[in-house]
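S.K.: Below is the structure I would like to discuss, written out as structure tokens.
The values are calculated or read from the model by the stated rules, or taken from the named source; none is laboratory data. Because the structure is a prediction, the values reported are computed rather than measured. Cβ: placed from backbone, ideal geometry, glycine included. Neighbour counts: every protein chain shown. Accessible surface areas use protein heavy atoms only, side chains included; no ligands, DNA or RNA. Shrake-Rupley method; radii C 1.70, N 1.55, O 1.52, S 1.80 Å.
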Amino acid sequence: MAPVVVLVGAPGCGKTTVGRALAATLGVEFRDTDIDIEQMAGKPIPEIFIDEGEAHFRTLERAAVAAALAAGTGVLALGGGAVLAEETRAALIGHRVVHLSVELPDAVKRVGLGAGRPLLAINPRATLKHLLDQRRPLYAEVATETVITDGRTPAEVVAELTALLPR
């Protein structure tokens, strides 16, 4: 079985907010690999970065994505950097993957000063711009569809996603 849809995108694109609302609309479960990682590690993601470093976090992330794809139910949201791993991009082939696209101004408004987001701890705006530039081609590579979230409410994005998905 495969997830109904896998959501990918940069920090602030709405993967969690939209994912939860979409799952509720579809009557399916919502799963967020960032939550899975925190449960596996027994601590919040910022602590994983501080205690073990980004490389360890990325190892946990690859395992969490593989497990979530194998479980294959509902709406699945991947962490913003999950697409950095070639094996994760390969694992997404054949799945319905929607890139929730966000541009820098909206991402900055939604993320704020990066509280709880270790990669945005120093100079959040410049770092977020770099992440968007670096990851946008990878999101495009794995996506079967792209939905623009800028200037839109979660309900508007959910309505577009619902129309895209087969019933």
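S.K.: Tally up the carbon and sulfur contribution to the accessible surface of the chain as a whole percent, 1.4 Å probe, everything protein left in place.
M.R.: Exposed carbon and sulfur together represent 57 percent of the surface.
S.K.: Here's something else I'd like to know. Before I look further, what does region 3-94 give for accessible area per residue, probe 1.4 Å, in whole square angstrom? Don't skip to the answer; put the middle values down first.
M.R.: On the way: 3700 Å² over 92 residues.
Counting only protein heavy atoms, the per-residue value for region 3-94 is 40 Å².
S.K.: Quantify how much of the Cα-Cα distance distribution of region 1-86 extends past 22 Å, in percent.
M.R.: Counting pairs separated by more than 22 Å, the tail of P(r) holds 23 percent.
S.K.: Still on this structure: Considering Cα pairs under 8 angstrom that are at least six residues apart, work out the relative contact order of the chain and quote it in whole percent.
M.R.: Normalised by residue count, the contact order of the chain is 35 percent.
S.K.: State the three equivalent ellipsoid semi-axes of region 1-49, derived from the C-alpha gyration tensor as the square roots of 5 times its eigenvalues, in descending order and whole Å.
M.R.: So the three semi-axes of region 1-49 are 22, 13, 9 Å.
S.K.: Rounded to the nearest 0.05, what FRET efficiency do His56 and Ala159 give with R0 = 35 Å and r taken as the Cβ-Cβ distance? Could you check?
M.R.: 0.35
S.K.: Now for a separate question. Given q = 0.09 Å⁻¹, what are the Debye log10 I(q)/I(0) values for the chain, with equal point scatterers placed on the Cα positions and solvent ignored?
M.R.: So the normalised log intensities work out to -0.27.
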